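Scroll down for the structure; my scribbles are underneath it.
The values are calculated or read from the model by the stated rules, or taken from the named source; none is laboratory data. Every value quoted in this text rests on a predicted model; they were computed, and no experiment measured them. Here Cβ is always computed from backbone atoms with ideal geometry, including for glycine, and neighbour counts include all displayed protein chains. We work out accessible area using only protein heavy atoms, side chains counted, and drop any ligands, DNA or RNA first. Shrake-Rupley method; radii C 1.70, N 1.55, O 1.52, S 1.80 Å.
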Amino acid sequence: MNVSTASEKTKKRAERMLTQYLPNALYKRTSPVCIESWKVGGEPVSFETAKNAQYKPIQVGAAWGAPWDTWWFHITGTVPDFWNEEETQPELVVDLGVNGSGPGFQAEALVYDADGTVIKAIEPYNGSVRLPHPGGSFEWYIEAAANPDIASRAKTAGTPLGDEGVQDGPELYELRRLEMGQLDLEVWNLIQELTVLSGLCDEIDKDRTRYAQILSAIDEALNLINIDDPGLTVHSARAILAKQLAKPAVEGHTVYAVGHAHIDSAWLWPLRETRRKVARTFSNVVNLTDQDRELVFAASSAQQYQWLKEDHPQLFKEVQRKAADGQFIPVGGMWVESDANLPGGESLARQFLQGTQFFRRHFDNMAPIAWLPDSFGYSASFPQIARLSGIQYFLTQKISWNDTNVFPHHSFLWQGLDGTQIFTHFPPSDTYNACVSPYEVALSEKQYSEKGKGTSSLMLFGWGDGGGGPTREMMAAARLQHNLEGSPKLTVTNPMEFFEQASKEMSCPPVWRGELYLELHRGTGTSHAQTKQGNRRCEALLHEAELWATYASVLTGKEYPLSTFDDIWHKVLLYQFHDILPGSAISWVYAEVERSQAEIMEKLETMIKESLQALVGTGTKSLIANAAPLHQRHTPAGAIVQSTETETWGSAKRKGDHVVLENDNVSYEIDTEGHIVSAYDKNNKRENIDPAMPGNVLQLFEDAPTNWDAWDIDSTYEGMEQPAAIVDGIDIGADQVTVSGTIGRSKYAQHVRLDNDTNMLHIHTHINWNESNHLLKQAFPTNIYATEATCEVQFGHLTRPVVKNTSWDEAKFESASQRWVHIADGDFGVSIANRSTYAYDFRQIKLSNDRPGTQIRASLLRSPHYPDPRQDLGEHDFDIAFGVGSTIPDAIRAGYRINLPARAMEGEHEIEPLLTVDNPNVILESLKMSQDGSNAVIARFYESSGGTSRTHLDINFSYNDIKEVGILEEVCEAVQPVIRTMEASHLELELHPFQIVTLRFER
Ligand SMILES: [Zn+2]
């Protein structure tokens, strides 16, 4: 027999021992418990309700749990008093009938004692709970959630299981096991040791002595085990393996392992289930840290702690106690692990403000690490926002999912738009759900890109996505690999220890400038358009409501509704979670989120009206209130003036069967299809449309990605264009053209008007979307020769390639932007502003004269099947403004105008702006009262041009002191001063490119 055949045989023997003989010997003895059950038959109930319910006897083997239902099991028993042998431990052993999908994606449960105190969760691979000492009795309740397994379905196949509410239908699970077991700790330990050593063999070169030694030891140990009763022989087998486990690692790479549980705040389960997942996972962690003092566990998302505090105050106190002990580390500072492309700038700032405020109120030891392991790409604004929020480090691993290019670094300085740098780490094991397997530990060293500069990498271990967290088996694997020849060193630690070491040991880390674009999941800029639109509207209304409420507080003494704003922000921030706003959750989530967004909008409208009423008094004068940070409709930024001017639109004139919409600056010609066949800038005397390639064309494509339906647009979509729209009618009004038609199976109507004050042609599209696996784009080919497109991101803008020279350019075939995009050749440009559309593509096209032109396409709608088979079906409205002769400042203005239109109202008084800047490049993004409830006014500005900008700032209210602060509204190390000269009501500021500035006016 040759060496490799012999080694394969040894590994197969070990595998059979690990999967068959040893698991069967894990419990020396078992004993039944008395079980009763109560089916809730609806939404989850409190422990008190469950305790007082009518239970019926149930046997192991019975079916339980229709989709999303909850069953409670009441169990009583007495641990046999002779189960007191050494190296044994009595446990409750539970198998709810789970399949191979893993923890978090199917049935799971939480165990309570008879007083309602949470003990621990029951999950796949973690189905045991320590029982009282032998002779002791117990009475426990188990809250079992019959969550359906949606994850194991093909990521392209529809399922109704994600629909809202508990579903009728057959039970999904069988109560496979629920009994007492006497755990044989020797057998359990042997399983861990054999698992690590046989796993390590796969990571060591076969020609190494170490490899042969381990195999030989495994063989020898296996020879000693009596498969009829392994418990009798494991001790001697362990002694053989112990010699191999005692050999120390060589100096080199160190893996810093941190216990973790990624809990998606909603995904293949509704929000209410996440609340229970948090309780289950955190109870597992508290339970395991009680038993294992070496475990250190990090968890982000203030929202999840808040849920725990509301639902299980006692368990929350336990978490606080573990945090004080240093075993439980709150991280991240954000309200949730949000998407990082789609939320607006102020939203990302509030993720940190609200999140950190919560952590500070309840914990002393939040780790200042921005923690977004799973979001779908990261805006170039993020480093500055994070550093201004007191964050020192950034962690993700998602860019390892790229479908085209391998990201070149694992530890590096990420440099944002404005030049702010943040030390960043991508765990080279490419996961946030490690099990501490020898494979993952080896991968941490093998893939680590900065080997010449550093020796440290991070590993996050614990069941995650649907929660679960670290297990005792993972901790055993970590201990066995702490200092083991053939493996990098491994230490379980606080993530701050890793970041401090990793940033210190690299004297000159590599630098990556700009966004961390994820070359995957490009459909998440489009999926679930209604929720995205709701997000944008909530953001705009929050801006307006906070601004006028601040005015009302400063000028009239009206109470600022801080706690109402906090409640609203908490919801808006939650809905920006990285599987909600991107559109990748089940339909239940969107039904709930969209109802809530509608309520928020209504509430904010009321708040805005109340503040404005307090400001302008009762009267009949026609007033215009402009909450936008830029002048519009003859109203200065932040002012309320008397005006009768309403929106005015350019006139529509017939030209043959076409229509011309025209004002003093521009003229657009619309054909009988509603397409733009001419876009003429009178000032520049320039035509921007090739008549053979009209603009505002709806295009329908087959959109059936090979995987990840709601997430992905595959680049092949472009070859699958469907027949063009068929127009059934055109109606020409005094200042508007209306075209209606059909595209695919969807009816639509477009209203096209020209804003008299600007160059912008407003196109409103209403569509009844009725497609399956299709993508709808709105195309604007132009005769601009642009090599790159400028896209707004939070607090600034960046460029995306139009010309695709490299694989990195090629991979960016669809990208997310905020309120506007812009292309130009020389000084002349075209912009598109939107009211809710986030995703675009930019292509070079060939014009009739053979010259290169540029096409911008907005992605309006998709219709994937998974996880929501009816995603986006039904009625939608989109607003886009297209303008020729537009500069980037014009595009910025257009973005604000379409999102924050001036508001007409009646009242008595005009109101002057509280703050006025004289340089339009400096934009007041947010005005609010301070988060600490004091009387201070907080104003946040940013430099919008990408250059250095000086401005005067006039202050039209009295204050005692002014401070330059960070996003947390306090003095912060990362703040770079901007005030050059200061008088009471007048400052001179100098901002560096894209600098975010927060001023705090103490009053
Ligand atoms: Zn996630």
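Tabulated data for the structure shown
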quantity: Sequence-distant aspartates and glutamates (8 or more away, or on other chains) whose Cα lies within less than 12 Å of residue 446; calculated: 203, 430
quantity: Computed over region 252-520: relative contact order in percent, which uses C-alpha pairs under 8 Å that are six or more apart; calculated: 28
quantity: Order by protection proxy (mean Cβ within 10 Å, highest first), peptides 164-170, 510-516; calculated: 510-516, 164-170
quantity: In Å², nearest 10: area of residue 491 left accessible to a 1.4 Å probe; calculated: 40
quantity: Long-range HN-HN contacts of residue 678 with modeled amide H, under 5 Å; calculated: 669
quantity: Beta bridge orientation in region 252-520: antiparallel %, DSSP, nearest 5; calculated: 20
quantity: Coordinate range along principal axes, alpha carbons of region 680-721, Å, largest first; calculated: 49, 19, 14
quantity: Quarter of the Cα convex hull surface for region 747-842, i.e. its orientation-mean projected area (nm²); calculated: 8.1
quantity: Region 1-143 shape via C-alpha gyration tensor axes, a/c threshold 1.5; calculated: oblate
quantity: Gyration tensor verdict on region 70-224 (Cα atoms; rounded if a/c is under 1.5, prolate if a/b is larger than b/c, oblate otherwise); calculated: oblate
quantity: Viscosity 1.002 mPa s, 20 °C: Kirkwood-radius Stokes-Einstein D of region 662-899 over Cα pairs, µm²/s; calculated: 119
quantity: Straight-distance crosslink candidates among aspartates and glutamates, where the alpha carbon sits under 16 Å from residue 39 and sequence neighbours closer than 8 are dropped; calculated: 48, 69, 108, 143, 168, 171, 174
quantity: Compactness of region 426-491 as Cα Rg over 2.2 N^0.38 Å, two decimals; calculated: 1.09
quantity: Lysines whose Cα lies under 18 Å from that of residue 609, excluding same-chain neighbours fewer than 8 positions away; calculated: 558, 621, 928
quantity: Shape box of region 248-304 [Cα atoms, principal axes, largest first, Å]; calculated: 48, 24, 19
quantity: Dimensions (Å) - region 252-520, Cα atoms, principal axes, largest first; calculated: 49, 47, 33
quantity: If the convex hull is drawn through the Cα atoms of region 911-1003, its volume per residue in Å³; calculated: 91
quantity: Segments 808-815, 54-61, 524-531 sorted - mean Cβ within 10 Å per residue, highest first; calculated: 524-531, 808-815, 54-61
quantity: Lys, Arg +1 and Asp, Glu -1 on Cβ, resulting dipole of the chain about Cα centre, debye, nearest 20; calculated: 980
quantity: Ratio of the Cα radius of gyration of region 280-428 to 2.2 N^0.38 Å, where N counts its residues; calculated: 1.09
quantity: Gyration tensor verdict on region 784-926 (Cα atoms; rounded if a/c is under 1.5, prolate if a/b is larger than b/c, oblate otherwise); calculated: oblate
quantity: Cα pair distances exceeding 22 angstrom across region 560-666, given as percent; calculated: 60
quantity: Cross-link pairs beyond the 25 Å C-alpha cut-off, checked among 309/532; 747/777; 682/812; 277/504; calculated: 309/532; 682/812; 277/504
quantity: Cα-based convex hull volume of region 674-799 per residue, rounded to whole Å³; calculated: 168
quantity: Over region 612-728: Rg over Rh, Cα atoms, Kirkwood Rh; calculated: 1.16
quantity: The chain: translational diffusion in µm²/s, Stokes-Einstein, Kirkwood Rh over Cα pairs, 20 °C, 1.002 mPa s; calculated: 70
